[in-house]
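One structure is given below, encoded as structure tokens.
Every number in this text was worked out from the coordinates using simple rules, so none of it is lab data. Bear in mind that the values here come from a model prediction, so they are computed numbers and not experimental data. Quick reminder, even Gly has a Cβ in these numbers, built from the backbone with ideal geometry, and neighbours come from all protein chains shown.
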2 protein chains.
Amino acid sequence: MTTETNVALLGYGTVGGAVDRLLAASAGDIERATGHRVRVVKALVRDTAKERQVADGAAITTDFAEILDDPSIAVVAEVMGGLEPAGAYVVDLLARGKHVVTANKQLVARRAPELFAAASAGGVQLRFEASVCAAIPVIKVLRESLVVTNVHRVLGIVNGTTNFVLTEMEGGKSYAEALADAQARGYAEADPTDDVSGADAAAKMAILATVAFNTRVPLDDVQYAGITEIDPLDVAAARELEMVVRLVGAARLVDGGYDVRVEPAFVDAQHPLAKVDGAFNAVMLQGDAIREITLAGPGAGGTETASAVIADITSVIGTMGTGFLQNDAAWREVPKLAPGASRSPFYFRLLVDDRPGTLAHVAEGLARHEVSIARLVQHQAGSGATLHVVTHEAPAGALAAALGDLAGLEEVRRASRPIPVVSDRGVAELGWA
Amino acid sequence: MTTETNVALLGYGTVGGAVDRLLAASAGDIERATGHRVRVVKALVRDTAKERQVADGAAITTDFAEILDDPSIAVVAEVMGGLEPAGAYVVDLLARGKHVVTANKQLVARRAPELFAAASAGGVQLRFEASVCAAIPVIKVLRESLVVTNVHRVLGIVNGTTNFVLTEMEGGKSYAEALADAQARGYAEADPTDDVSGADAAAKMAILATVAFNTRVPLDDVQYAGITEIDPLDVAAARELEMVVRLVGAARLVDGGYDVRVEPAFVDAQHPLAKVDGAFNAVMLQGDAIREITLAGPGAGGTETASAVIADITSVIGTMGTGFLQNDAAWREVPKLAPGASRSPFYFRLLVDDRPGTLAHVAEGLARHEVSIARLVQHQAGSGATLHVVTHEAPAGALAAALGDLAGLEEVRRASRPIPVVSDRGVAELGWA
């Protein structure tokens, strides 16, 4: 017994076109899995004059009301992007009782609470797998497979552009050369700001933290830094310590608060995140019952994103009317962790005078703030020396205070800013160099 | 509006106990996701005298009929293991219209067609995430996230014991030492036969191939070899070629036929499967729309397996009555690929007399069967030489025929058996050494 189920698309660009084509090609597979024959009946575009190859005879329209008011349409895929009018459209559709699937990262990252509430009120589903890491099914895994695992940490390489650039820099290229190479290969936009500033990764981490921790993590609460300021000295120091520099998204639930950030980090060369290839993405989920699960794959691409949109459509029609996942996904009240309370091992370096007692003063200055040294490498440099220091796990605030004290020491000429360290083995096992 | 949904367990060992405890602890999360309040009401055991800590007041019984005939039970989790009576119980339950979730690898690998048919006939779901790689959600991802991706290749490290042993052997340990270490750490059983023979991995690959290719892949059609015969010369040769030896499960859909096997392979050190840590598992899914997605995590463990069982229970109750995934998952008629037609790059070595013309004769012997050389390393050894050869992709049958010819050459003293090569870069890029 087959039900005819009509789908509409908001937007018919690269992703929209791929959704239409893939849906038409795989309608039989979806029918077999769900009992529903899916057909794209309408697609909203801005300009009907533009030439399009519409796969299965969907009507092209510029009038949103034609979709909103069409009672035959059960599911709408929002693949137009942008905050408005996409946001208003999605809210209207959910309120009208239509299930919505969206690939819109900025929209979900900025307005998740409002969208979740609208879906709950409308008794329909909002799915957004394609908004994070394209075809990597991390949202479904978090919501459906890890439902009984208290996921307390999400670590990710969630921006392929920066991962490619940093991988290339390891080979000796400058930032500018590596970025130009990424642009030539289509891994970076002509204006790469959104990627290299960390803003793109921050939006993804806001969504992942929201789903993983079942709470509202506003994009404004995600502290982020990009890769534009990475010092070649950092890249060299990482290599010497058998680590690599990566732009890491980290979301943690600690002491009843969340801490979500994106920043360059030193990643142990043996850590799974150090091994993510070039422009690929990877997300590691750590939880009570499962230890850790890592998902990796292409984090971008038209058909990859379309595949995720269709997976969501399939899941929606497979669960319509059951109430499954129709409740607000972000129901817990969790505060943001206080600034400075975020704990990590850190790397920093000091340029110091090379004279007796310096190392003892440095160690004392750190110990005063309860920061202990896991590993230390000293290099002579003219009349001075560079100390490369990896600390044990410490609160960022305590380390900042300690570095402030160290900067005031007579024999310390310069202190670098601290860089968090991601290590699988645990810094405790790194030992002294 | 909450529905009370009763669950029964077949078996109350390590996994069953963990399912009971985790379900009791997370009933609120499941209710929020599904609208169902889940409770374990009965558990089937062999011996009621054995002391157990039952989490939430489930009735312990030795009488299967108490579960089969209880109309209040909607979902049954089979966590007792073994082929019988588990198999008969599952079939009876499905026929009686009860959804079944199973962690039983051998049962699913050996009797999937019968079980799928029983579920379809009963109008209920059979889910089996926990039967493969514990908490790694590869079945859900294949069935629900990659529904429109024609997955044509599954590569996996699906046995943690052998992966740990092989990783240790890289460090210079003998097979016996590495196995003893694995046993000491609890990664290997006292009788490790099922793991080291490849039989455990073969069962998992049969299930993965069945789901990925939507066809019936009987366990008997999975050709497997274990790690007991690995030659230390192979480990050394792999290292020299910047590869590692791994027990690789490979399922491919080629020319309308499937080829599913488990065997030691040379894996390029840069390949994601070479980077799987110790006792972890990883599965790489390659498909048309998604390029490739890799899932990695612990492939065994009581709570990890229980987490997968509960994910399945949650998915079942979230989709009850919709028909979602209630159709036979293995509907396609796909034949097994003819023996010898399986294509791969291969490694082999020849012990030869070191005299002019030898290399030309070897290359000619291979070329006669259309096998071409991607990489060749020659080492002097007394009056002879060892040739390490990596071929381009070739049918296994053609290579076997070529090696038969080479063994007949006057100057060839000995030929090793060929070992498949897994390379991300493509052997074409390996170039000549």
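Here the 3J(HN,Hα) profile of the range B:34-39, calculated from phi with Karplus coefficients 6.51, -1.76 and 1.60 at θ = phi - 60°, is 10, x, 10, 8, 9, 9 Hz, Gly and Pro shown as x.
Angle of helix A:199-213 to the longest C-alpha principal axis of chain A, folded into 0 to 90 degrees and rounded to 10: 80°. For the pair the range B:244-259 / the range A:171-249, the C-alpha centres are spaced 35 Å from each other. Each other copy places its own label point for B:Leu83 at 6.3 nm from this one, sorted shortest first, where the point lies 7 Å along the Cα-to-beta carbon line.
Counting every pair of alpha carbons in the range B:145-297, the share spaced more than 19 Å apart comes to 52 percent.
Please build a GNM for chain A, connecting alpha carbons under 10 Å apart, and tell me which residue among A:Ala24, A:Ala112, A:Ala74 fluctuates the most. Result for chain A, Cα springs under 10 Å: A:Ala24 fluctuates most. Straight-line cross-link partners of A:Lys173 among the lysines, defined as a Cα under 21 Å from its Cα and at least 8 positions apart when in the same chain: A:Lys275. The order of B:Phe64, B:Phe213, going from fewest to most other C-beta atoms within 10 Å of their C-beta, is B:Phe64, B:Phe213. In the elastic network of chain A, a GNM with C-alpha springs shorter than 10 Å, the most mobile of A:Lys204, A:Lys50, A:Lys42 is A:Lys50. Look at A:Ser423, B:Ser120 and count the other Cβ atoms within 10 Å of each Cβ; fewest to most, that gives B:Ser120, A:Ser423.
Please report, in whole Å³, the volume per residue of the convex hull around the C-alpha atoms of the range A:152-235. Provide the component values of the computation, followed by the final result.
Details: hull volume 8.2 nm³, N = 84.
Expressed per residue, the convex hull around the Cα atoms of the range A:152-235 is 98 Å³.
Residues whose amide H comes within less than 5 Å of that of B:Asn281, counting only those at least five positions distant or on another chain, are B:Gly297, B:Gly299 (H built at 1.01 Å from N in the peptide plane). Residue by residue, the range B:274-283 carries 3J(HN,Hα) couplings of 6, 9, 6, 6, x, 8, 6, 10, 8, 10 Hz when phi is fed to the Karplus relation 6.51 cos²θ - 1.76 cosθ + 1.60 (θ = phi - 60°); x denotes Gly or Pro.
What whole number of Å gives the distance from the Cα centroid of the range A:311-329 to the Cα centroid of the range B:370-388? For the range B:370-388 versus the range A:311-329, the Cα centre distance is 58 Å.
Cα-based values for the range A:1-91, radius of gyration first and Dmax second, are 13.0, 40 Å.
Placing unit charges on the Cβ atoms of the charged side chains and taking the dipole of the protein assembly as shown about its Cα centre, the candidate lying farthest along the positive direction among A:Val377, B:Ala396, B:Ser26 is B:Ser26. Size of chain A from its Cα atoms: along the principal axes, largest to smallest, the extents are 83, 44, 34 Å. Beta bridges from DSSP with both residues in the protein assembly as shown: antiparallel share about 65 percent, rounded to the nearest 5. Sorted from nearest, the other copies put their A:Gln183 label points 6.2 nm away, the label point being 7 Å from Cα in the direction of Cβ. Taking every DSSP helix (H) stretch of at least 4 residues in chain B, weighting each as -39,500 (n - 2.57) and dividing the sum by the residue count yields a mean residue ellipticity at 222 nm of -10000 deg cm²/dmol.
Provide the FRET efficiency to the nearest 0.05 for the A:Ala401-A:Ala184 pair, computing r from the beta carbons and using R0 = 56 Å. That gives a FRET efficiency of 0.80.
Two numbers describe the Cα atoms of the protein assembly as shown: Rg and Dmax, which are 28.4, 86 Å. In terms of overall dimensions, the range B:343-429 has a Cα radius of gyration and Dmax of 12.2, 37 angstrom.
Where the alpha-carbon atoms of the range A:26-136 are placed on the principal axes, they occupy 36, 35, 30 Å, in descending order. In degrees, nearest 10, range 0 to 90: what is the angle between the Cα axis of helix B:105-122 and the longest Cα principal axis of chain B? Relative to chain B, helix B:105-122 is tipped by roughly 50 degrees. Annotation: the residues B:Ser342, B:Ser174, sorted from fewest to most other C-beta atoms within 10 Å of their own C-beta, follow the order B:Ser174, B:Ser342.
The angle between the Cα long axis of helix A:302-319 and the longest principal axis of the Cα atoms of chain A comes to about 60 degrees, rounded to the nearest 10.
With a simple spin-label model that places each label point 7 Å from the Cα along the Cα-to-Cβ direction, the separation between B:Asp231 and B:Ala269 comes to 2.2 nm.
With an 8 Å Cα cut-off and a minimum separation of 6 or more residues, compute the relative contact order for the range A:145-297 in percent. Across the range A:145-297, relative contact order equals 35 percent.
Taking a point 7 Å out from the Cα of A:Glu84 in the direction of its Cβ, the residues of the range A:93-119 whose backbone N falls within less than 19 Å of it are A:93-95, A:104-116, A:118. The GNM of chain B, with springs linking C-alpha atoms under 10 angstrom apart, assigns the highest mean-square fluctuation among B:Ser197, B:Ser145, B:Ser344 to B:Ser145. When the Cα convex hull of the range A:231-273 is projected onto planes of every orientation, the mean area is 3.6 nm². Working from Cα pairs under 8 Å separated by at least six residues, relative contact order for chain B is 15 percent. Modelled label positions at A:Gln378 and B:Asp69, each set 7 Å beyond Cα in the direction of Cβ, lie 8.2 nm from each other. Listed by chain and number, the lysines whose C-alpha is less than 18 Å from the C-alpha of B:Lys336, apart from same-chain residues fewer than 8 away, are B:Lys204.
In this structure the amide hydrogen of A:Glu78, modeled in the peptide plane, comes within under 5 Å of the amide hydrogens of A:Leu10, A:Val101, A:Thr102, A:Ala103, none closer than 5 places in sequence on its chain. Sorted from nearest, the other copies put their A:Thr48 label points 7.3 nm away, the label point being 7 Å from Cα in the direction of Cβ. 3J(HN,Hα) couplings calculated from phi for the range A:256-269 with the Karplus curve 6.51 cos²θ - 1.76 cosθ + 1.60 (θ = phi - 60°) are, in sequence order, x, x, 10, 9, 10, 8, 10, 6, x, 9, 8, 10, 3, 4 Hz; Gly and Pro show x.
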